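Values in this text are rule-based calculations from the coordinates and carry no lab data. Since we're looking at a predicted model, the values are computed, not measured. Virtual Cβ from ideal backbone geometry, glycine too; neighbours counted across all protein chains shown.
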Amino acid sequence: MKNKQPKIIVMSGYGLNCEEETKYAFEWAGGQADIVHINDLIANPALLSNYDILAFPGGFSYGDDTGSGKAYANKFHNHLQKELDEFIARDTLVIGICNGFQIITNLELVPGALAHNASGMYIDRWVDMKCVGSSPWLKGVKEISLPIAHGEGRYIINEDEYKKMMKNGQIAFQYTKGEICEFQNLPANPNGAMHDVGGVLSENGKILGMMPHPERGMFYQQRPDAQLKKEIAKRKKSKLPTEGPGLIIFKNAVNYFKK
Amino acid sequence: MISRIYVVPNEQNGKGKILPFNNLGLYGKVANVSVIDSYLVNASLTPEQLNLTGQSLINKKLENYSINSLPNLANFSYILEIGFAPGVTDNVAHTVMESVSDLLKRPFADVEAVYTSKVFLIGGTISKEDVNKIAFSLHNPLIERATIFPVSNELKNKGLPLYVPVVVLPKKKDCIVVPLSNANTDELIKTGKEGILDPDGDRRGPLALDLESMKVIQNFFKNIKRNPTDIELESLAQTWSEHCKHTIFANSIDDIKDGLYKSYIKKATNDIRKAKGKNDFCLSVFSDNAGGIVFDDTYMVSHKVETHNSPSALDPFGGAITGIVGVNRDTIGFGMGAKPIANVYGFCFGYPDDKRELYKDKKLKQKMLPPARIVDGVIKGINAGGNCSGIPTINGFTKFDDRYRGKPLVFAGTIGLSPRIVNGKNATEKRARAGDYIVVVGGKVGLDGVHGATFSSVVLDSSSPATAVQIGDPITQKKLSDAIVKEARDRNLYNSITDNGAGGISCSVAEMAKECGGAVVDIENVPLKYPGLSPWQIWISESQERMTLAVPKNKWDEFQKLMESRGVQASVIGEFSKNKNCVVRHNGKVIMDMPMEFLHNGLPARQLHSKRDVKIFNEPKLPNGYNRTKEFLTLVGSANLGSNRWISEQYDHEVQSSSVVKPLSGAGLINTDAQVIKPVFKSDRAVVVTSSVYPSYGDINTYDMTSCAIDTAVRNAICAGGTLDHLAILDNTCWCSSYDEVRLGELVDAIRACYDTAVDYGTPFISGKDSMFNDFKGYDKDGNSVAISIPPTLLISAIGVMKDFNKAVTPEFKIAGDTIYILGETHDELGASEYYKQIGKNIAIGNSVPKVDTKKNTKIYKALEKVIAKGIVASAISVNSGGLAQALAKASVGGMLGINVDLKKLAGTASSIDAKLFSESQGRIVVSVAKGNVKAFESLIKNIPYTKIGQVKSGKEFLIKNGTQKIVDTKVDTISKFHNSFSNSFK
C-alpha cells in the first residue's frame, strides 16, 4: 500500500473552522486533501474508506456548548462509529488539532480529557514543546514551536495512565521553556495542563491529538520572531526559509505513505 | 414532561470553582461556591432516553450527571440559579436540542424545548441580602433571571423547581388600521414619539418619526384615500430612521445644499477616483453592505465598520457579540458574498474604576451597568463572536473618557475576500430578478430587536425598549456563512444577497426589491421562534443570523437541499416582482401595499443649521526642572496609552493562517498600530489594516481632530508596509445631541476635514457609518437629573494592499547598534494631548491641538514608502498619542532593547522638553536603521525633515537626553512593567 500519494479527508461543518488551512498544509506537504462536511460523510459513510489520513481540524464545533468537542463527537459516534473503527483498523493515520483534539478525546481515540484553562481565559500565544513520543507523525521532531488559541486546553489524565502512556511513547509533546518562551518571556505551560502535556498519541502511535496548531506555523512569517530573523538574515545576506516549524507534522504524515 | 439534568464537574475538572466574591465586600463570608449546569428538558422522553441525554451532555472524565436530584447540599446554605429570561436566545440549548434529536432520532416538537441555566451552590455565613449582591454581580436583569433558594429539605429531596420559562404573548393581534387621517398635531407627535396606539390602550414603542414626517405620511394616505395599517407605518419608521437614512448627513445644512455626505464624503471619493484614472482601485463604494477594493486580478477585499453603542450600554455581551456577528453578515452580504477574513474592534469606555451609580429612571429602579461590567461584557462579546466564527481579530483599540460613561462606543468591523468575477459576472453587480423567490436563511424570528433601528436613533433613557436587545448566535451564522460563501455562491444558486440588520426583513426586502421593481411577501411563511407575533413585529424584528436572498425558482430545490444538508434553515417568504410596490400579505390578505418610491424617497427633506462656538481652555502648569521620568512612566502606563495585551491575547488572531504582522509584536509583545495579513495562500500579496481616533482633540477643534485621525491612519498603514497608491479609508462618525446647532457646527468642520485630508492623500472613502445620538439622560443615586454626552468621536479605519508581504515592517527595535531617526517635525502641539490631559487633570487641556500639513507629510510618507520598499529600515513606528516618548517606549519594550537618544536638535519648532517628549505633532515616524544602511537611508530622505536622534542599545538602559540634561532616565523592564500594568489588572 505504500509508495503512493495519500488521500486526506479534512472534516468540516458545525463550526469547525481550520479546514482550509489544514487542507493546504497537507497538500503543500505532498498529499491530496478533500474537505468533507460531516453531513456529506453521514450521507455516504463508505466515502471514508477512500482515505488514508483523517483530520479533525481546529474550530469551535457547536460553539463549545456543553463542552468543547462533545457535540461533534456525539454526532460522529452516532452515525459513523462503524466506519471509524474500520478506518482505524487499516494502516491509516488520524490527527485532531485543537478542537479536533477535543473531539477525538470525546471519541476516545486518544486517552485523557481537555478542561478549561487554569486561568479561566481563552488564550492565543506561541508555545514551545519537546517531543517525547514515538509516532509516524513525529519523525525527526525534537522540539517544536507553534501557536495555541484555546479556552479549553488543560490536559487531564490520571497518574497511572500517564505513567503507562509515557512508557509506551504515547505522550507526544510536553510544553517547555524553549526558543519562543525565552524570546517573549512567557511561562512554558500555557494552560495548566497536567505534566505539561500538549499532545498525545493512541497506543499504536498512529492517532495524534494536539492543542497547538501546526498549520498556523506552516509559514515562516507566522513565527513571532520572524521579523527579527528577517533583519538578521538581511544583514548576513542570507535568505529566510519559507517553511515554518509546523509543516514537518504534515510532511511526516504524507511521507509515511510515500516512502 | 419536565425534567432537569444537572451536570456536575468532578474534582479534576476545576471548572466549578470560583472566587469567593471578596470584591463585593463579602470578605470571609463565603466559604465555598460550586457551579453546576442545569438543563431543563421539556419533552416527553422515557427514563432511558433521559439517561442517554444525560450521558451525551458530559465528558465522563470531567463531569457527572444526575436527573432531578441536586448533589449533596450539606455544605451550602443558598442556591442561586441564573438562566435566560423567556425568549432570550439560548445558544447552548439550541445545541443540546440539535444533538439530542440526532442522538434519539426524534425531533423536538413545537412545544418541546430545552432551557439552560447556571446553578451556584453557595456556602458560608451569608444572608439573603449577600446572595442578592452576588446575583446582581452575576446577571443582567434585562436578559437573565436570577432566583435565590435557601437550602431546604424540599430542595434536597426534589431539586430545583420544574418551571419552564416559555414566552407567553397575549393573544396574537392581527393587523390594525391606524386612524391617521383625522389625527391632530398632538396625536401625530405622540404616535411618532411613543408609537402606535394599541386597541388595549398601550403605545407600541417609538417610531422615532418627527412631526414633519408624520404629516407627510398623513398626506400621502389622504391622497390615496385610506388610512395606513400598523405594518405600513412601522415599515416607514424603519426605512426612514436616522439609523437607515442618515438624515443628518443627507439633509442640506447651512449653504451646503446637497448635505454633508454628498458634498464631502462621496465627493472626496469621486474626485480621488477621477484623479487616479486607470489607477483607481475602488470596485464598490457606498452602494453595498461594505466597500470593496482591488486585491489582485482575481480577488477583491471589502471592509465595513459598524457601531453597536446603544445595545452595548444595556447588555454589553449581547450588544457586542451582535455587533461583530452583524458586521460579519455585512461581509457575507457584500457583492455575491465575501468570506470574512479579519475582524477589527474599537472600544470607548468610561474608566473601569468609576463607581458612580446612574439610573435610567427617576424612581431609581433601572440601574445602569457600571463601566467595569460594560468593559468586561463588551470584551467577552467580541471574543465569543470572533473566536467562535473562525475569523481572526487583528486590529483594535481601547479609549477611556468619563463621557463614555452614559453610552460606550463599540466599533466592530470585518474585512472580506471575494473573487471579482462570480459565475462569469462582476460580483459587485448583483441583481434580484422579478420572479425570483425571496428566501430567508438562518435563524428564526422572535421579538428580539423589535424597534432596534428606531431605538438607536434616539437618546438612551428609561423608555428605551428592552426587546431592542439581542444575543448573537455565532454558530448558526457560521453554518450559514460557510454554506453561502463556500458553496452556494460558486454553484450559482442565487442572483442577489443582502444582510438582515437594522429593520430586519422590512429593510432587506425593500432594499433588494429596488434591483427589480418590487416585492410580494407572505408574512406567515417567516419561521418563528414562538407563536403570538403580530405581522408588523415579524416584518421589523431584528432577530439575528438571517440573510435575504433572491433565488431563481429553478434553483430553489438545489438551494434548499444544500442548506438542509448544512443544518441551515431556508424559507421562501415571497417573490420579487416588476411592480413598483412593496406588498405584504397575511394569509392572503394584503396588509401592506406601498409604492417603492414613497417608501424610499418620501422622507421630507429638512434644512439643518449650524453655528460655531469658540472654546478657550486653560493651559496646564508644566512640571518644574527637566527630569520627566515620573510623568513619562505614568503616561506609558495610563489607561489610554498602556498596552491592551489582555484583549489581544484572548482574541484568536492567528486562525486562517494569514498572520504576518500580528496585534502583538516583538519580544515585549507590544500592540501594533497596523496589522498585515496574507489572505490567499498562493499569493504574496497582503492586506494592511489600521485605525485611528482622537476624541479629545474635538474638544478644541473637530476639523483638526478629523485630519489628525486620517493622517495617523495613513501613517500607521505606511509604517507597516502599505502605500498611498493602494489605500482606502472608512469613516465612523459618532456624535451627540445632533440637532444642537453647535454640535452640527462641529460636525460640519469634521466632515470638511474628511474631504480635504482624504483628497490630499488620495485615499478614497469606501464605506462609512454614523451614529448621531450618543447621549444618556438619567438620574444619579439621589434622583438628580444627569445628562452625559459622548465627546464627538470620528474613527478612521484604513485598508490597503501590499504587493509583497515580505516587505512588512514591525514597530519594535530589532538590533542593538542601529541608528534611530525621527522623520518629520515636532512642534509645540500639546493641546488635548495625553500629556496635557494627565498634568491638567482633564480640565486644563491647552489649545494648541496638532495641525496636519498634508503637503509636507505626503513627501515624508512617499520617502518612507521608498526606504521600506528597499528593505533598509529595521523598524518603523508611527508617532501618535503620547508623542515621541510613547513611540520610543513602545519600540524599546517591543525589542526589549535600551536606547540612548538626544532631542536637542529635533526638527521643528518644539521648544520645551515637554513638547519634545510629548507633543502629538502629526506626520512623524520613528525608524531604526542598520549601520550598513545609514548612508543609503540618508540619501533617500534628504528632501524631508528628519533628525538622527541616537542609537538602539544592547543593555536595558533607556535614556532620553536634551543636550546634557537627562530628561528621561529609566530601564526598559521598568517601562514594560508600567506599560503592562493596566492590562495586567484585568487578568
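For the peptides B:211-220, B:140-149, residues were scored by their other Cβ atoms within 10 Å and the scores averaged per peptide; the highest-first order is B:211-220, B:140-149.
Each peptide in B:900-907, B:474-481 receives the mean, over its residues, of other Cβ atoms within 10 Å, and ordering these scores from highest gives B:474-481, B:900-907.
Shape class of the range A:31-146 from the Cα gyration tensor (axes a ≥ b ≥ c, square roots of the eigenvalues): oblate, since a/c reaches 1.5 or more and a/b does not exceed b/c. Of the two radii for the range B:809-987, the radius of gyration is 0.96 times the Kirkwood radius, both from the alpha carbons; that is the Rg over Rh value.
What number comes out for the charge environment of A:GLU21, summing +1 per Lys or Arg and -1 per Asp or Glu over other residues with Cβ under 14 Å away?
So the surrounding residues net to 0.
For the range B:537-625, the ratio of Cα radius of gyration to the globular rule of thumb 2.2 N^0.38 Å stands at 2.16. Per-residue ellipticity at 222 nm from helix content only, as computed over chain A with -39500 (n - 2.57) for each DSSP H run of at least four residues, stands at -9000 deg cm²/dmol.
Using a Gaussian network model of chain A in which every pair of alpha carbons under 10 angstrom is joined by a spring, one finds that among A:GLY140, A:GLY13, A:GLY58 the greatest mean-square fluctuation is at A:GLY140.
Reported to the nearest whole Å, the Cα centre-to-centre distance from the range B:172-249 to the range B:812-852 is 52. Note on B:ALA434 and B:ALA869: the model spin-label points, each 7 Å out from Cα along the C-beta direction, lie 5.2 nm apart. Just so you know, the Rg over Rh for the range A:7-258 is 0.96, from Cα atoms, with Rh as the Kirkwood radius.
Inter-chain Cβ neighbour count for A:29-39, averaged per residue, equals 1 (cutoff 10 Å, partner chain atoms only). Compute the acute angle (0 to 90°) between the alpha-carbon long axis of helix B:185-194 and the principal axis of greatest extent of the alpha-carbon atoms of chain B; round to the nearest 10°. Its long axis makes an angle of about 80 degrees. Which entries in the list B:LYS486/B:LYS662; A:LYS7/A:LYS75; A:LYS177/B:LYS866; B:LYS173/B:LYS769 go over 29 Å, if you measure between the two C-alpha atoms of each? Long pairs (Cα-Cα over 29 Å): A:LYS177/B:LYS866; B:LYS173/B:LYS769.
All other residues whose Cβ lies under 10 angstrom from that of B:ILE58 are scored, Lys and Arg at +1 and Asp and Glu at -1, for a net of +1.
Partner shielding of A:5-17 amounts to 3, given as the average count of beta-carbon atoms from other chains within 10 Å of each residue beta-carbon.
Per-residue shielding of A:67-80, expressed as the average number of other chain Cβ atoms within 10 Å of the residue Cβ, stands at 4.
Measuring nothing but how far apart in sequence close Cα pairs (under 8 Å, 6+ apart) lie, relative to its length, chain B scores a relative contact order of 11 percent. In this entry, the protein assembly as shown is assigned a mean projected area of 46.6 nm², taken as a quarter of its C-alpha convex hull surface. Each of B:THR414, B:THR634 was scored by other Cβ atoms within 10 Å of its Cβ. Arranged with the fewest first, they read B:THR634, B:THR414.
If you take every DSSP beta bridge whose two residues both sit in chain B, what share of them, in percent to the nearest 5, is antiparallel?
Percentage antiparallel, nearest 5: 85.
Taking every alpha-carbon pair in chain B and binning the separations at 10 Å intervals from zero gives 2, 11, 20, 24, 20, 14, 7, 2, 0 percent. Taking a sphere under 15 Å around the Cβ of B:GLU511 and counting the other residues whose Cβ falls inside, with K and R at +1 and D and E at -1, yields a net charge of 0. Think of each Lys and Arg Cβ as +1 and each Asp and Glu Cβ as -1; about the Cα centre, that makes the dipole of the range A:7-258 roughly 1120 debye. Of all DSSP-defined beta bridges confined to the protein assembly as shown, some 80% are antiparallel rather than parallel. DSSP finds beta bridges in the range A:7-258, and of those with both partners inside it, around 60 percent are antiparallel.
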